Structures are given as C-alpha cells and as structure tokens.
1. Order by neighbour count: Phe106, Phe29, fewest other Cβ atoms within 10 Å first, most last.
2. Using the eigenvalues of the Cα gyration tensor, what equivalent ellipsoid semi-axes result for region 31-137 when each is taken as the square root of five times the eigenvalue, whole Å, largest first?
3. When ranked by the protection proxy of mean other Cβ atoms within 10 Å per residue, highest first, what sequence do the peptides 175-181, 125-131, 68-74 form?
4. Sort 79-87, 188-196, 92-100 for me by packing, meaning the mean count of neighbouring Cβ atoms within 10 Å per residue, highest on top.
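Each reported figure results from applying straightforward, stated rules to the coordinates on display, with no laboratory input. A quick note: this is a predicted structure, and the numbers were derived from the prediction, not measured. Neighbour counts are summed over all protein chains in view; Cβ atoms, including those assigned to glycine, are modelled from backbone coordinates with ideal geometry.
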Amino acid sequence: MKTTLLAMATAVLALFVSPAFGQNSSLYFNGTAQGNRYCGGTDGCVQTGFFDGSINGVNVGPSQPGGPGMISDDYNDYLWKGEKWRANGIEVSTLNATDIGQDTLFGNSIGLGGYAKLAYLVNQMLTTSGLTNAQLSAYSQALWYITGGVTWNELNAAAKALVNAAAGYVNTNGTSLAKYTNLWLYVPNGPQEMWADGRMTVPEGGQGLMYLLIAGASCFGGIFLRRQSRLTHRT
C-alpha cells in the first residue's frame with residue numbers, strides 16, 4: 001500500500017508541475033547595458049551584454065543582488081528604456097525536445113540543439129569573471145547569430161569563435177539542458193526573450209507553488225497512511 005501511495009503522490013505532482021513549468025514574472029529594463037555597442041547588423045548600433053533593470057522586483061546589473069544582468073537572445077525585437085513587461089519564467093534545466101517548440105521564442109526554428117548552444121554561452125557569461133565590454137558584445141553577437149538575428153558575415157572574429165565553441169561543446173556533450181539548473185529563461189508576453197541567473201530572481205510564486213504541492217501531497221499521504229494503519233489494527 002505504501003508503494004501505491006508513493007505512485008499516487010508522484011502522479012499528483014506530475015499532473016500539476018509540468019517539466020517546463022512557466023511562472024508569471026515581471027521584467028524591467030532601465031536603459032543601460034554593459035557591453036560595447038554593436039553596429040554590424042541591419043538595425044544600426046544596439047546595446048549588448050548584460051542588460052540592467054529588475055526581474056520580479058530584484059535588481060540586476062553591476063553589483064546588484066539579482067546577478068550581473070539580463071541577457072537577450074533576440075536581436076530583431078526592440079527594447080526601450082523604462083520598458084516593463086510580463087514573461088513566463090522557465091527553469092532551463094526542465095526544457096526538452098518535446099516542449100522546446102511551444103514554450104520558447106525560437107524553439108520552432110533552432111530546436112533543442114540551438115537552445116543547448118545558447119545555454120552554454122549564457123552560462124559562460126554568468127560564470128566567467130572579468131569579461132570586458134568587447135567580450136560581452138561578442139557573446140551577444142554569438143547568441144543573436146544562433147537565433148537568426150544576424151548573419152555569419154556580420155559577426156566579428158571573437159563572436160565567430162564563440163559560435164564555434166558552442167557548437168563543439170554541444171556536438172561533444174549532447175543537447176541535454178539538465179545541467180543548467182542555475183539558468184532561467186523568460187519567454188515574453190512583451191518585447192524580448194531574456195536569460196538570467198534564476199537562483200537570485202525566482203519567478204513569482206514559483207518556489208511557493210512547488211512547496212505547496214509537495215506539502216499537500218505529504219499531507220494526503222499522512223492521512224492515507226493513518227487510515228490504513230487503523231484498518232490494519234482493526235483486522
């Protein structure tokens with residue numbers, strides 16, 4: 001009976017918490033970014049690198065509690081100073097080939113392999129200290145190339161090297177995103193898809209809902225086991 005109970009609790013959690021469970025999030029861009037401006041694409045000179053502002057009320061940017069900043073993988077959509085928008089926050093490690101197309105902005109065009117390359121580069125940006133503004137610009141160019149915003153000939157040499165490094169890593173290690181438990185992807189109901197260090201900018205209600213579901217399942221299990229114990233003693 002305990003085995004049956006465990007299976008039922010697992011089924012309940014699986015029903016309410018899908019692998020790529022999106023959470024309601026609020027994003028804000030304050031108009032500043034930390035990379036060199038990139039002028040090689042069709043839209044003229046644009047900002048690159050880490051974008052400053054806030055995620056779910058937590059400030060992101062230089063020396064901010066939410067991490068070094070937001071990272072845009074979208075070259076074609078505009079982002080204005082002072083813009084606020086809503087997005088679905090998704091823990092990147094939960095994304096797979098089944099849901100990548102419907103739950104992300106570029107999944108239908110670049111697939112799981114493309115997002116594996118994006119995650120590799122974003123993770124490097126967030127975990128490598130001392131990146132220069134020129135290096136941050138190269139990372140943005142590489143991300144925008146992978147999502148189709150800029151062409152190969154519009155990249156500088158450093159960005160091309162990053163694209164090749166990402167492709168080499170994915171070819172060697174596969175497309176699984178399970179290792180990127182520190183990354184969150186914010187899929188827009190507004191201007192741009194953003195990445196961030198999700199350990200510091202948890203989506204609204206994300207952890208709370210998970211804890212509530214687990215607590216509910218545990219409570220249900222306790223009640224069921226007590227009832228089963230009484231029935232056993234009665235016989």
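1. By the 10 Å Cβ count, ascending: Phe106, Phe29.
2. The answer is 23, 17, 15 Å, longest axis first.
3. For the peptides 175-181, 125-131, 68-74, the packing ranking is 68-74, 175-181, 125-131.
4. Ranking, from highest mean packing down: 188-196, 92-100, 79-87.
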